[in-house]
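*Asks:* If you scroll down you'll find the structure; I have some questions about it.
Bear in mind these aren't lab numbers, they're just calculated from the coordinates by the rules spelled out. It should be emphasised that the depicted structure is a prediction, and the values quoted were computed from it without experimental measurement. Here the Cβ positions follow ideal geometry from the backbone for every residue, glycine too, while neighbour counts run over all protein chains shown.
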Amino acid sequence: MSGDLKWNKIFGAGLATVFTILVVNEVSGLVFHTSKPEKMGYFIDVPEEEAGAGASVELPPDWGTVLPIADLAAGERAYARCVACHTINAGGADGIGPNLYGIVGGGVGNNAGFDYSPALREHAGSAPVWTYDELDLFITAPNRHIRGTRMSFAGIRNTEERVNLIAYLRQQGSGGYPIPAPDPARQPQPEGEAEPDPAVAPGSDVDQTASEGIAETAPEQATAPAQPTQ
Ligand code: HEC
């Protein structure tokens, strides 16, 4: 019997050792384990082109929705970043940059007497008008949108700030440039609660028809029988 006990002790001690090794192994694994991130490095820039559009590409702002509710006072504050080089009053002098009165919906490189860069002149050939989208892209990153522009300004990456700024720019001599109807294809992600308030929005009649349009077409699309292909 005593022999059995002795072997039990030896066997038990062995088991305990194995167990301890396993536990230490496991715990150190937990403590020192580092998982590699799926992608190394930093994501620095927004995609150059929206061609092919993936989910990662941010939609351009839906101007018909965001402009009527834009914060003009915040836009004026954002414009403080432009005053070193621009004036915006009617007939204001050109500075380092051209006068910006009526720039929204105005011609690209259209300020007679201002010496624009060849890059901006060339850009005007393919995009002659400062549409909301064009302004937005340019202000986001001037030298990315018009490679070689003389406007040495880093850009404003904050979309809300740009929207407010563009609303402010529009107020300075571009009030006649229409705000488009809300575009269902450009609805912003539901991140904020800030819904456009029809009571505040000057283009609220447009809002109504547009949203009715969506409501009518959506069920049709869902139930429409699949078209036979060929
Ligand atoms: C450091 C000076 C500087 C700052 C700051 C600056 N700009 Fe400019 N801007 C320029 C110059 C220079 C040009 C002419 C660019 C060219 O010819 O390539 C220009 C051109 C423009 C144009 C094109 C005008 C046209 O007639 O086609 C717009 C629009 C514009 N700037 C908007 C802005 C806004 C909005 C801000 C502030 C967020 C701003 N800029 C800040 C220097 C500046």
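*Asks:* Over the C-alpha atoms of the stretch 57-175, what are the Rg and the largest Cα-to-Cα span, Dmax, in Å?
*Replies:* 13.3, 39
*Asks:* Quick one: Asp4, Asp71, fewest Cβ neighbours within 10 Å first, how do they rank?
*Replies:* Asp4, Asp71
*Asks:* Here's something else I'd like to know. Order by neighbour count: His145, His86, fewest other Cβ atoms within 10 Å first, most last.
*Replies:* Neighbour counts put them in this order, fewest first: His145, His86.
*Asks:* Now a separate question. Grab the beta carbon distance between Asp94 and Ala119, set R0 = 22 Å, and tell me the FRET efficiency rounded to 0.05.
*Replies:* Result of the calculation: an efficiency of 0.80.
*Asks:* Something else now. In what order do Ser126, Ser174, Ser117, Ser152 fall by count of nearby beta-carbon atoms within 10 Å, going from fewest to most?
*Replies:* Final ranking by Cβ density, sparse to dense: Ser126, Ser152, Ser117, Ser174.
*Asks:* For Ala74, what charge total do you get from the other residues with a beta carbon under 13 Å from its beta carbon, if Lys and Arg give +1 and Asp and Glu give -1?
*Replies:* Net charge around Ala74: -1.
*Asks:* List the residues, sorted by chain then number, that are 5 or more residues from Val129 or on another chain and whose placed amide H is less than 5 Å from its amide H.
*Replies:* Val108
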